[in-house]
Amino acid sequence: MKALSKCVGGLALFVAGCVSVSAERSGRDELVVASAGMTSAVVVVSPDAGSYEKQAADELARCIGLMCGATPGIANTVETIAVALAGEAPVLVIGQEALKAQPNLDEALRRVLKKKPQLRNDGIVLRREGNRVYLVGNNDMSHYFAAVELLRIWGCRWYIPTELGECIPEAKALKVGNLDYAFSSPFEIRSYWISWVGDTTGAADFQRRNMMTGRVAMPPTGHALGQYTKGLGTGTFNFPITDPKTAEQVASKVEKMYAEGKSFSVGMEDGSYDSDYPPDQKLMKLQWDKYFMRWSVTDPMLELYNNVAKILQEKHPNSGGKMGFLVYANMTIPPVREMKAERSLFGELAPIDIDPIHGMDDPQSPPRQEYRDMLHAWAKIMGGRLAIYDYDQGMLVWRDLPNPSHMSFRQDVKHYRDTGILGVNTESRNAIATTFLNLHIRGRLMWNPDEDVDALLAEFYPKFYGPAAEPMRTYWTAIYDAWENTICTEHEYFVAPAIYTPEVMSILKTSIEKAEKVMEGIKTKGDKMSRNEQLYVKRMTFTRYSYDVTAGYMSMVSAAATDCDYARAVPFGEKAIAVRENLTDMSGTFTTYRNYKVEHNGYAWFPGEIRQYRELIPFVDGTKGKLITKLPLEWAFRRDKDNKGVERNYAAAAIDLTYWNANKATLTLDSLKDYPDQWETLRTDIYAQALGIRHPDRQSFIGHMWYRTDVELTADQVKGATHLRFPGLFNECWLYIDGKEVAYRKQGKLWWLNDYRFEWDVDLTGKLKAGKNTIALRCNCEHHLGGMFRRPFLYEAK
């Protein structure tokens, strides 16, 4: 068979089917580690090895056994090590024993390590000399990383936690050619943690195999400040921030920890802060935080932290104590004043409400470009003591649909490196049906920000799906492209119809059916399936369940939001929930809902959305109400940037769609940002920004917007208790009938601080007439999502 060569960090990987796997260039000088199901190789590890070093030896032997059917022995006593090193058989020497046998490996490590780390360094060296292959790191965990890097060169991959994500190639021969490789990650923290609702099965192994470290020496930054400010001001989130007495109180409560050189958190609590203290008010009003719709507390809060640090540093100048804090909520935007953080302060930047879809360099996302500027400013303020605390897509209020993030992270990680960020600590719930390859690719990019993501994906499909690689490549590429090309910068389940469009779902359906047909050939070939073939089949089952949940959810949304057919929507949702049970039975790592009990209590969650549609059925089936008519799917629409619509009588004046009709065929979601001050038409089953309603600079539209439609009604239809139901509507709103305001609806400025049904039921009894009625809806979108996202309907209440 023809060999395939791919450069990996100065190494070349040679794979010829299941014939031979070789590190570096092939040739006469290759060291044969295993061949024809046999091996004389020995893995050498110190009798005094650390826990990770021991695991490195075990992992190396295990994977070689899986690849070749022959497991090398492990020499871990003085006697067996001496025999192994004296012989001529292949020897894989790990960690301390490698440094003892070849001291100049230490110099190779020093050359690649960061010169002045804040917390830790992780570097590895892989070198072959004769019959010996040295695998060494600069610490216990890095010894493990060195062993895993050799396995990667041999083609091993760990894409998701548990055995299902482990891809170990089968090889008749395993060889090492010329090998001399040294590398150190620029990041001291490479981590994700599974929050309290997630299944941790396989997470520790998965992280190590993907070069992740955990938080290590980074001081905690969690919510802690409230216990130190207790008794000050009017409560946890309102106290005199820059009052010297506040700094003195906080310092007194943490002084013992600092004096003992401990690491601890003074991080803000989980919410937005305020203060009535006049000096704080003056500092807060230096800038408005548009993300949290309130004054920023960054200037006063950083001053507090600096004041606490100065007190402690002056009292204990030789202490190595570290204080961590969160750059979070309305302390996310950098300070207006020129400020530097004191040397004992370590921060974690947590951009909780900034577009999780796009990268910092994506022109479609001004919010991410703003985040990039924030990052650079905070990096300068913190002087190398800043880490990123971000959230993977499983943390969103979502629906167990694939939500990839590698497209954005591969941009962002280079900014993290270039600004000297300590690293990334991601909060996750695992939720692999949602995150899928996100954590694997993050691990690779945190280890090496220059990793070729396209190459990682290209090798993924044959490794993970075997003979079904090509249709699965089409399947996942359609998903990745849909997310990468979207104009949506908002998040949570409202964006799903803008991503998983009928066109995308059609590609997914065709692709998975082709893949399953290929996989049937494996299951019916007659021979006993190999380990990898069994895994291919299981992975296809996982993907089928994932597709069925996605297809079921989108069918439910279409029936409810587009067709107002709630009786048809509910079974789609219930079927998708049932499939999700199968997905969870397969592995608890795939979803989180069984542990996340709140899901069954609120409308925000998948069962809650089904419940909402179920509760709408009686309003249209004659039980609580009878459907009069579904209002049109498309309404006339007008942006009201200067809030002059009431004055200009947008509620009733004639609508001119001349410009729209002349240009709609050439308009795109992207070009609609430049639409002139004219009427257009807009669907009512997807929120406005997802349909192209943005400012010319691509920011999501903020301001007033108008929807208009006419509806013809008969005398019978208007004689009863007529109601207009908006089943999905954001924003503060005003409703007009024939130009007259008939109802007002108040909403919280932050969209998530509202009832997650987002419904509005308006009693129009006596306000509609037989004949034509002009209905106008005025929305005041102040934050992110705007307008209608489920089609409204008229019903007669009983």
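With respect to the conditions (1) in contact (Cβ under 8 Å) with a residue 24 or more places away in the chain; (2) of a type in the set (A, V, I, L, M); (3) open to solvent by less than 50 Å² (accessible area, probe 1.4 Å); (4) part of a helix (DSSP H, G or I), Ala482 falls short on a single one, namely (1). Exactly one of these conditions fails for Leu777: (1) open to solvent by 30 Å² or more (accessible area, probe 1.4 Å); (2) within 24 Å of Arg639 (Cβ to Cβ). Give me its number. Unmet condition: (1).
Residues in region 661-711 that are assigned to a loop (DSSP other than H, G, I, E, B), crowded, with 21+ Cβ neighbours inside 10 Å and among the aliphatic types (A, V, I, L, M): 2 in all. If you filter region 739-770 down to residues that are part of a loop (DSSP other than H, G, I, E, B) and under 21 Å from Ala715 (Cβ atoms), you find that the one that is least open to solvent (accessible area, probe 1.4 Å) is Leu764.
On the basis of being in a helix (DSSP H, G or I) and more than 21 Å from Glu269 (Cα to Cα), does Lys340 make the cut? Against the criterion (in a helix (DSSP H, G or I) and more than 21 Å from Glu269 (Cα to Cα)), Lys340 does not qualify. Checking the structure you have, find out if any residue of region 251-268 is closer than 20 Å to Leu283 by Cα and either assigned to a loop (DSSP other than H, G, I, E, B) or over 33 Å from the mean Cα position of the chain (by Cα) (or both). Looking through region 251-268, at least one residue is closer than 20 Å to Leu283 by Cα and either assigned to a loop (DSSP other than H, G, I, E, B) or over 33 Å from the mean Cα position of the chain (by Cα) (or both). Of the strands (runs of 3 or more DSSP E) that lie entirely inside region 1-67, those containing 2 or more residues that are at pLDDT 95 or above and within 30 Å of Ala204 (Cβ to Cβ) span 31-35, 42-44.
Taking region 247-261 as the search range and keeping residues that are out of contact with any strand residue (DSSP E or B) (no Cβ under 8 Å at 6 or more places or on another chain) and in contact (Cβ under 8 Å) with a residue 60 or more places away in the chain, which one is nearest to Met301 (Cα to Cα)? Applying the filter and picking the extreme gives Ala247.
Rundown of residues vs (1) touching a Leu at 6+ places or on another chain (Cβ under 7 Å); (2) surrounded by fewer than 16 Cβ atoms within 10 Å (Cβ to Cβ), yes/no style:
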| residue | (1), (2) |
| --- | --- |
| Ala204 | no, yes |
| Arg208 | no, no |
| Thr213 | no, no |
| Thr221 | yes, no |
| Phe237 | no, no |
| Lys245 | no, yes |
| Glu248 | no, yes |
| Glu255 | yes, no |
| Val266 | yes, no |
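Does region 86-107 hold any residues that are of a type in the set (S, T, N, Q) and over 39 Å from the mean Cα position of the chain (by Cα), and which are they? Result: Gln102, Asn104. The helices (runs of 4 or more DSSP H) falling completely within region 389-460 that include 2 or more residues that are in contact (Cβ under 8 Å) with a residue 40 or more places away in the chain and touching a strand residue (DSSP E or B) at 6+ places or on another chain (Cβ under 8 Å) map to 438-447. Selection over region 427-439 of residues that are surrounded by fewer than 24 Cβ atoms within 10 Å (Cβ to Cβ) and over 21 Å from Asn485 (Cα atoms) gives a count of 1.
The requirement of being modelled with pLDDT of 95 or more, in contact with a helix residue (DSSP H, G or I) (Cβ under 7 Å, 6 or more places away or on another chain), open to solvent by 60 Å² or more (accessible area, probe 1.4 Å) and not β-branched (Val, Ile, Thr) is not satisfied by Lys262. Pairs linking a residue in region 494-510 that is open to solvent by 10 Å² or more (accessible area, probe 1.4 Å) to a residue that is β-branched (Val, Ile, Thr), with Cβ atoms under 7 Å and 6 or more positions apart or on different chains, are Pro497/Val557; Pro497/Ile686; Ala498/Thr486; Ala498/Ile686; Ile507/Thr474.
Could you please let me know if Arg580 is assigned to a helix (DSSP H, G or I), crowded, with 23+ Cβ neighbours inside 10 Å and basic (Lys, Arg)? Against the criterion (assigned to a helix (DSSP H, G or I), crowded, with 23+ Cβ neighbours inside 10 Å and basic (Lys, Arg)), Arg580 qualifies.
Okay, residues lined up against (1) part of a helix (DSSP H, G or I); (2) aliphatic (A, V, I, L, M); (3) open to solvent by 30 Å² or more (accessible area, probe 1.4 Å):
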residue	(1), (2), (3)
Gly324	no, no, no
Val336	no, yes, yes
Ile354	no, yes, no
Lys380	yes, no, yes
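The values are calculated or read from the model by the stated rules, or taken from the named source; none is laboratory data. Predicted, not measured: the structure shown is a model, and the values here were computed from it. Heads up, the Cβs are rebuilt from the backbone with ideal geometry, glycines too, and the neighbour counts pull from every protein chain shown. Accessible surface is based on the protein model in full, side chains and every heavy atom, while ligands, DNA and RNA are left aside. Shrake-Rupley method; radii C 1.70, N 1.55, O 1.52, S 1.80 Å.
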